[in-house]
Amino acid sequence: MSRIGRTPVAIPAGVTVTIAEGNVVTVKGPKGTLTQTFNPAMTIAQEGDVLTVTRPNDLKENRALHGLTRSLLHNMVVGVSEGFQKTLDVNGIGFRVAKQGKAVVLNVGFSHQITVEEPEGITLECPGPNQIVVSGCDKQKVGQVAAEIRSIRKPEPYKGKGIKYADEVVRRKEGKTGAKKK
């Protein structure tokens, strides 16, 4: 049986979970509200301050959905209670970021500035001229927005210039050697 699927999801104080017909789960907390529809084969039950997910049988599809459903529920509960965040670092000479209203303006080596608008439910912050913090209650949305910002100027392997995740390690390559032709 799935070790992840069997683990119950603890609901912290201040978070309310409602399970509607058709496995529509709504989680409300101090950071926001998340709603998601899960596969009807999975049985989601709330007993006190604990959520449990059970599967009907051991078919391969149901085994896969068991752990997935539990992980998504856990991410919803953590998201509305604590929230998620990803930090991006901007490396390069003259590369900077600045917050203007609800948008972030990036100067990353192009002939023009790039403006990234704050999507709904996501907060973009610039604690420094070379750092962007993407935060929100939906883990998938936070990761997607961070990936889209990173894709504007991916880190290159020779000088390490570009936008990278704070915990990402850029593998560096050696440049050309000055060998003379004969």
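Determine, yes or no, whether K139 is open to solvent by 60 Å² or more (accessible area, probe 1.4 Å), touching a helix residue (DSSP H, G or I) at 6+ places or on another chain (Cβ under 6 Å) and under 29 Å from K28 (Cβ atoms).
Against the criterion (open to solvent by 60 Å² or more (accessible area, probe 1.4 Å), touching a helix residue (DSSP H, G or I) at 6+ places or on another chain (Cβ under 6 Å) and under 29 Å from K28 (Cβ atoms)), K139 qualifies.
Quick check on V77: is it more than 14 Å from the chain's Cα centre (by Cα), open to solvent by less than 20 Å² (accessible area, probe 1.4 Å) and aliphatic (A, V, I, L, M)?
Spelling it out, V77 is indeed more than 14 Å from the chain's Cα centre (by Cα), open to solvent by less than 20 Å² (accessible area, probe 1.4 Å) and aliphatic (A, V, I, L, M).
Restricting to the stretch 26-48, what's the tally of residues that are more than 24 Å from G136 (Cβ to Cβ) and in contact with a strand residue (DSSP E or B) (Cβ under 8 Å, 6 or more places away or on another chain)? Steps first, please.
Initially, the stretch 26-48 is screened for residues more than 24 Å from G136 (Cβ to Cβ), giving 39-43, 45-48.
Narrowing the set further to residues that are in contact with a strand residue (DSSP E or B) (Cβ under 8 Å, 6 or more places away or on another chain) leaves 42-43, 45-46.
Result for the stretch 26-48: 4.
So which of G121, G128, G109, G94 is within 30 Å of T7 (Cβ to Cβ) and either over 12 Å from the mean Cα position of the chain (by Cα) or in contact (Cβ under 8 Å) with a residue 12 or more places away in the chain (or both)? Let's see the steps before the verdict.
Numbers: G128 fails: within 30 Å of T7 (Cβ to Cβ); G109 fails: within 30 Å of T7 (Cβ to Cβ); G94 fails: within 30 Å of T7 (Cβ to Cβ).
So the residue among G121, G128, G109, G94 that is within 30 Å of T7 (Cβ to Cβ) and either over 12 Å from the mean Cα position of the chain (by Cα) or in contact (Cβ under 8 Å) with a residue 12 or more places away in the chain (or both) is G121.
Being of a type in the set (G, A, S) and in contact with a Lys or Arg (Cβ under 6 Å, 6 or more places away or on another chain) is the requirement here; does G109 meet it?
Against the criterion (of a type in the set (G, A, S) and in contact with a Lys or Arg (Cβ under 6 Å, 6 or more places away or on another chain)), G109 does not qualify.
Of everything in the stretch 19-41 that's aliphatic (A, V, I, L, M) and either part of a strand (DSSP E or B) or out of contact with any Pro (no Cβ under 8 Å at 6 or more places or on another chain) (or both), which residue is nearest to T123 (Cα to Cα)? Please lay out each step first, then the result.
Residues of the stretch 19-41 aliphatic (A, V, I, L, M): 19-20, 24-25, 27, 34, 41.
In the following step, the residues that additionally are either part of a strand (DSSP E or B) or out of contact with any Pro (no Cβ under 8 Å at 6 or more places or on another chain) (or both) were identified as 19-20, 24-25, 27, 34.
Working: I19: 28, A20: 29, V24: 26, V25: 24, V27: 20, L34: 16 Å.
Only one residue tops the list, namely L34.
Within the stretch 7-27, can you find the residues that are over 17 Å from N39 (Cβ atoms), open to solvent by 70 Å² or more (accessible area, probe 1.4 Å) and not hydrophobic (A, V, I, L, M, F, W, C)?
Once the filter is applied, which keeps residues that are over 17 Å from N39 (Cβ atoms), open to solvent by 70 Å² or more (accessible area, probe 1.4 Å) and not hydrophobic (A, V, I, L, M, F, W, C), the stretch 7-27 yields T16, T18.
Within the stretch 1-25, how many residues turn out to be in contact with a strand residue (DSSP E or B) (Cβ under 8 Å, 6 or more places away or on another chain), free of Cβ contacts under 8 Å to residues at least 12 places away in the same chain and closer than 28 Å to L59 by Cβ?
Result for the stretch 1-25: 1.
The values are calculated or read from the model by the stated rules, or taken from the named source; none is laboratory data. All values derive from a computational prediction rather than experimental measurement. Every residue, glycine among them, receives a Cβ derived from its backbone with ideal geometry; neighbour counts consider all protein chains shown. Calculation scope for accessible area: heavy atoms of the full protein, side chains included, ligands and nucleic acids excluded. Shrake-Rupley method; radii C 1.70, N 1.55, O 1.52, S 1.80 Å.
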